[in-house]
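Note sheet for the following structure.
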């Protein structure tokens, strides 16, 4: 698990801007195995927030992007997928089904993915 306090400042600022007053952060994990541009997955009491940093064209300017902002009430199902590459690397992909769309959080460590899956599954059952 990633520690929220150790996330980059830009990521924390965007996450804190999105949070509501009664919302608190429960879990933080890193997705996508790219060392330079990981996905920061922040799981709160009300939603799943996936934030990443991207480069703007060929310029040396980067910006923060919210890839996924899903409330638990929008989620229909959550599934843990492990393809051959995931099995070889000890990773997994989290597939979050919402109406007319599927969001993938790829290349999570398998242990973290199982924990996140069970947490989200418990939240959507309520």
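The values are calculated or read from the model by the stated rules, or taken from the named source; none is laboratory data. Just so you know, these numbers come straight off a predicted model, no measurement behind them. Positions of Cβ are backbone-derived with ideal geometry, glycine not excepted, and every protein chain shown enters the neighbour counts.
For the structure I just gave you, tell me whether residue 110 is under 15 Å from the mean Cα position of the chain (by Cα) and surrounded by fewer than 16 Cβ atoms within 10 Å (Cβ to Cβ).
yes
Which condition number does residue 49 fail, the rest of (1) farther than 19 Å from residue 1 by Cβ; (2) touching a helix residue (DSSP H, G or I) at 6+ places or on another chain (Cβ under 9 Å) being met?
The one condition residue 49 does not meet is (1).
Residue 60 - would you say it is within 24 Å of residue 8 (Cβ to Cβ) and free of Cβ contacts under 8 Å to residues at least 24 places away in the same chain?
Spelling it out, residue 60 is indeed within 24 Å of residue 8 (Cβ to Cβ) and free of Cβ contacts under 8 Å to residues at least 24 places away in the same chain.
What pairs come up if the first residue lies in the stretch 16-42 and is on the phi > 0 side of the Ramachandran plot and at pLDDT below 95, the second is in a strand (DSSP E or B) and surrounded by 14 or more Cβ atoms within 10 Å (Cβ to Cβ), and their beta carbons are under 9 Å apart, counting only those six or more places apart or on different chains?
Taking only residues 6 or more apart or on different chains, the pairs are 32/39; 32/52; 32/105; 32/106; 32/107; 32/108.
Residues checked against (1) under 14 Å from residue 43 (Cα atoms); (2) in a strand (DSSP E or B); (3) touching a residue at least 60 places away in the same chain (Cβ under 8 Å):
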position	(1), (2), (3)
77	no, yes, no
93	no, yes, no
104	no, yes, no
107	no, yes, yes
115	yes, no, yes
121	yes, no, no
